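The values are calculated or read from the model by the stated rules, or taken from the named source; none is laboratory data. If you're wondering where the values come from, they're calculated on a predicted model, not measured in any experiment. Here the Cβ positions follow ideal geometry from the backbone for every residue, glycine too, while neighbour counts run over all protein chains shown. With ligands, DNA and RNA removed, areas are computed over all heavy atoms of the protein, side chains included. Shrake-Rupley method; radii C 1.70, N 1.55, O 1.52, S 1.80 Å.
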Amino acid sequence: MNIKRGDKIIFFEDNGKYFLQNSASIAIKALEDFQNIMKNEAARAGFNDHDDVVKYIKSLRKMRKK
């Protein structure tokens, strides 16, 4: 289960069965799930590279100052 002294663990129940798991592994899984959900969303929004994102953020900051 990869649980060591000091680790935070989560207890959960699923269909009458009880489990415990290292909370770090749950966080990693949640991040992987989020990354899969967001895959290709940047391209759909028109961001092709890092520079596009930086330009967009700068434009938002300019609009906010007005």
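Here are some residues: F34, F19. Which one is among the aromatic types (F, W, Y), under 30 Å from I3 (Cα atoms) and either in contact (Cβ under 8 Å) with a residue 40 or more places away in the chain or open to solvent by 100 Å² or more (accessible area, probe 1.4 Å) (or both)?
Details: F19 fails: either in contact (Cβ under 8 Å) with a residue 40 or more places away in the chain or open to solvent by 100 Å² or more (accessible area, probe 1.4 Å) (or both).
On inspection, the qualifying residue turns out to be F34.
For I10, are the conditions met, namely being in contact (Cβ under 8 Å) with a residue 12 or more places away in the chain and aliphatic (A, V, I, L, M)?
Working: in contact (Cβ under 8 Å) with a residue 12 or more places away in the chain: yes; aliphatic (A, V, I, L, M): yes.
Taking the combined requirement at face value, the residue satisfies it.
Checking N2 against (1) open to solvent by less than 90 Å² (accessible area, probe 1.4 Å); (2) on the phi > 0 side of the Ramachandran plot: exactly one of these is not met. Which one?
(1)
Could you say which residue among I37, I28, I10 is hydrophobic (A, V, I, L, M, F, W, C) and in a strand (DSSP E or B)? Spell out how you get there, then give the answer.
On the way: I37 fails: in a strand (DSSP E or B); I28 fails: in a strand (DSSP E or B).
Just a single option satisfies the conditions, and that option is I10.
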